[in-house]
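Working notes, structure below.
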Amino acid sequence: MKRFLFYLSIILPFLMTVGARADIEISAPGQQTIPLALTRFLPQAGTSHPEIAREIEAVLTNDLDFSGIFNLVDPAAFLSDAQKVGLLSIDVDFEQWRMLGAESLIKGTYAVRGDELVVEARLFDVQRRRLSTGRRYVGKVKDLRRMAHKFADLVLQELTGIPGPFNTKIAYISMRTGKRELYLMDSDGFSDQRLTDHRSIVLNPDFTPDAKQIVYTSYKSGNPDLYRQELSSGKETILSARKGLNVTARNNPGGDGLAVSLSFEGNPEIYRLSNSGKLNGKLASSWGIDINPTWSPDGKQIAFVSDRQGNPNVFISDVGSNEAERLTHNGKYNATPAWSPRGDRIAFSRMIDGVFDIYTIRVDGSDERRLTFGGGNSEHPAWSPDGRFLVYTSEWNGRKSIQVMRADGTGIHRLSPVGVDAQQPAWSLRW
Amino acid sequence: MSGNRYIRRGTSPMREPKFGRMLLISLGLHLLLFIIFSGALVFNSERDQRPVYYVDLTQMPVANPQAGRPDARPKATKKPVTKPEKKPTVKRVPVKPVVKPTVKQAPVKPDVKTSQPQPESVKRQVNDANNSALQKKLAAMQREQVREELKQKLAALASGDSREEDTLAPDVPLGEPDAQGDEAGSSYQTYLKAFVTANWSLSLSQVRNVDAETKVRVVYSRSGQLVNFEVLTSSGESRFDDSIKKAILKEMQLPFEPPQDNWTQDITFNLKDLLDQ
């Protein structure tokens, strides 16, 4: 008996192994994008306005395609359901869309009554044959692009958990009047408008977290002073007109004041200002120049540029500690840092052989990645509010323009109007 | 007290002849088995560099795959017609040179193979009074054919078919790396893996935790129909789990017949390969 048990103890593991079923391991999806069908919006009632349908489609296509998350199904392959107005799940022929390989489907309608526009947009889950999300937008015809951007944001929120950044604004500096003035445009480069008429030099725009105001530096009175403008009314106030530099202001993400580089004591240092412009102490100081602060999303740290160890490099310091840790160790000139809203990475520009390129690095100094390669200077990176994209200044043949790319450096394209000098972009939060 | 009792009765296991040695052997074997099946003998670097096979889903799986690779190009069967036809004509018929020069002298290189105009008809056309017109027509046809071939090649490139040429292993038999069978084809498991992978679409931006891992169990009937599907362990990431459910439910009918009824497979989904990139 003992002998039997002994042999059994030896043989049993073999038997168990032979009987076991080997698992299959799949360690990457076949497609890293979501197959999405975007149909042209159809008139709900009354007369057809093909130009409205085309524009909604164009905005949605541009936004969703640029997100890099979707693989848009070719509209040429669409079948009869694309021509059906029905927006209820029971009205949609999901089998047609399943045959085309679509996992998500966008359908919508519009109705125009005078100057009023009503847009109904729906996102369907093709496989589950159900409505994922939908919205009804009511506004003026001129709000058409905004409605489409809002729905694109909603689609991203539904499918990824984080809303898109398309219904936002980008502020930038342009010299189209011969002087550097502040301008504002949509996140896709449309609806361009001028905000200042200082006929001087305006620099370093930055939005307040509520996106209702914008701060910037202007030489309007001869000195680089700090201004704030209310976007709805255009009302402008001086925030800091201290002696020397009042530059590179960045609003605290929690709305609690701002960090700015001031040189009224002689050497440019980083100070904290209240929302009314009152000094609230130093955030960084050294014998060298401290400039270009950027806040961590929780407002507990700042990154900034300092030449305290010789060449300009990016440093990080805890708010209130005044002790800084060097972040960048490569290259001889690292500047214009921008902390990702997700908190994990910092974008900055680095000059090598006289040319700036955009890089990102983890906040612990690891995993440095170069995002732009040649083609002139690339600097002043600024993150989209969701951390998916970066906007930056590109200089090519002496002409500056605003470019945008995904956070991994793909999908680069120009945002600012053709032939217009544009630089120093800042991306607002939700509009 | 109790210890003495055992000794007195003479039934102590310690007194069994050679028991200690046998126990050591047993323990040693168990340890060896544990080491072998835990994969501890395999170096980490090798484990990380798992080979990626692009399984050709048009080649159905087999029960006893031969040694090879599932991404190997299936060997084309040679046409037996060409060889036996050529040999006798070369030996016996002296008129043969008539055929050869006409083919060789054809001006357009790539069309000779594909167009294969019949020599008799060509001769007749050449002797015709409208010789030049016909030649022009023939040349136009040949150009059209070349253009068509180029079009097809471009279409294949655009549609990604060219990947097949790049990824399929040309000089290896179609099979499985460690298999010992005698059938050309991948195993059922390898095929199922490729089939489900092709249906799995997920953007990295949909995932918060890149270490997400989900294990599911699928059961297919003898006809290849999905009869049961359950999530064994969830990743806790709803969008990750959802994408897996979609991948499984997208095609509920397998394109092949499983080896048995109620064919049960456990599949683990994770993003390890994406993280390596």
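Just so you know, all these numbers are worked out from the coordinates, no wet-lab data involved. Quantities reported herein were computed from a predicted structural model and do not represent experimental measurements. Ideal geometry is used to build each Cβ from the backbone, glycine not excepted, and the neighbour counts take in all protein chains shown.
Sparsely packed loop sites in the stretch A:236-345 (the GluC sites (Glu not before Pro) outside DSSP H, G, I, E and B with at most 15 other Cβ atoms within 10 Å) comprise A:GLU265, A:GLU323.
Counting beta carbons within 10 Å around each of B:LYS250, B:LYS193 and listing the fewest first gives the order B:LYS250, B:LYS193. For the pair the stretch B:196-256 and the stretch A:289-346, the centres of their Cα atoms are 43 angstrom apart.
Each Lys and Arg adds +1 at its Cβ and each Asp and Glu adds -1 at its Cβ; summed about the Cα centre, the stretch B:200-277 shows a dipole of about 180 debye.
Listing A:GLU395, A:GLU181 from the residue with the fewest other Cβ atoms within 10 Å to the one with the most, what is the order?
A:GLU395, A:GLU181
Dipole check for the stretch A:34-160: with +1 at the C-beta of Lys and Arg, -1 at the C-beta of Asp and Glu, and the Cα centre as origin, the magnitude is about 320 Debye. My understanding is that a pair violates if its Cα-Cα distance is over 22 Å; which of A:LYS235/A:LYS278; A:LYS282/A:LYS332; B:LYS193/B:LYS250; A:LYS150/A:LYS179; A:LYS84/A:LYS150; A:LYS140/A:LYS235 do that in this structure? Cα-Cα > 22 Å for A:LYS282/A:LYS332; A:LYS150/A:LYS179; A:LYS84/A:LYS150; A:LYS140/A:LYS235; rest within. Compared with the alpha-carbon gap, the fully stretched path from A:GLN193 to A:LYS212 is longer by 5.3 nm at 0.36 nm per residue. Counting Lys and Arg as +1 and Asp and Glu as -1 over every other residue whose Cβ lies under 12 Å from the Cβ of B:GLU213, the net charge comes to -3. The spacing between the stretch A:210-281 and the stretch A:53-87, judged by their C-alpha centroids, is 44 Å. Averaged over the residues of B:202-210, the number of partner chain Cβ atoms lying within 10 Å of the residue Cβ comes to 6. Take every pair of alpha-carbon atoms less than 8 Å apart whose residues are at least six positions apart; their mean separation over the length of chain A yields a relative contact order of 9 percent. Dividing the summed -39500 (n - 2.57) terms of all DSSP H runs of n ≥ 4 by the residue count of chain A sets its mean residue ellipticity at 222 nm at -4500 deg cm²/dmol.
In plain terms, the C-alpha convex hull of chain A casts an average shadow of 31.3 nm² when viewed from every direction. About the centre of its Cα atoms, chain A shows a dipole size close to 360 debye [charges on the beta carbon of Lys, Arg (+1) and Asp, Glu (-1) only; nearest 20 debye]. Here the residues A:TYR183, A:TYR172, ranked from fewest to most Cβ neighbours within 10 Å of their Cβ, fall in the order A:TYR183, A:TYR172.
Positive end of the dipole of chain A (Cβ unit charges, origin at the Cα centre): among A:GLN423, A:PRO29, A:LEU273, the Cα lying farthest that way belongs to A:LEU273. For the stretch A:350-415, the list of chymotrypsin sites (Phe, Trp or Tyr not before Pro) that fall in a loop by DSSP and count at most 13 other C-beta atoms within 10 angstrom reads A:PHE373.
Extents of the stretch A:34-160, largest first, come to 39, 28, 24 Å (Cα atoms, principal axes, whole angstrom). With a 10 Å cut-off around each Cβ of A:283-291, the average count of Cβ atoms from other chains is 0. Between the residues A:GLY320, A:GLY398, A:ILE170, the greatest Cα displacement towards the positive end of the dipole of the stretch A:169-427, with unit charges on the Cβ of Lys, Arg, Asp and Glu, is found for A:GLY398.
Percent of Cα pairs in the stretch B:200-277 per distance bin of 10 Å, from zero to the largest separation: 19, 46, 26, 9. Neighbours of A:ASP65, meaning other residues whose beta-carbon lies under 14 angstrom from its beta-carbon, give a summed charge of -2 when Lys and Arg score +1 and Asp and Glu score -1. Counting Lys and Arg as +1 and Asp and Glu as -1 over every other residue whose Cβ lies under 11 Å from the Cβ of A:PRO224, the net charge comes to +2.
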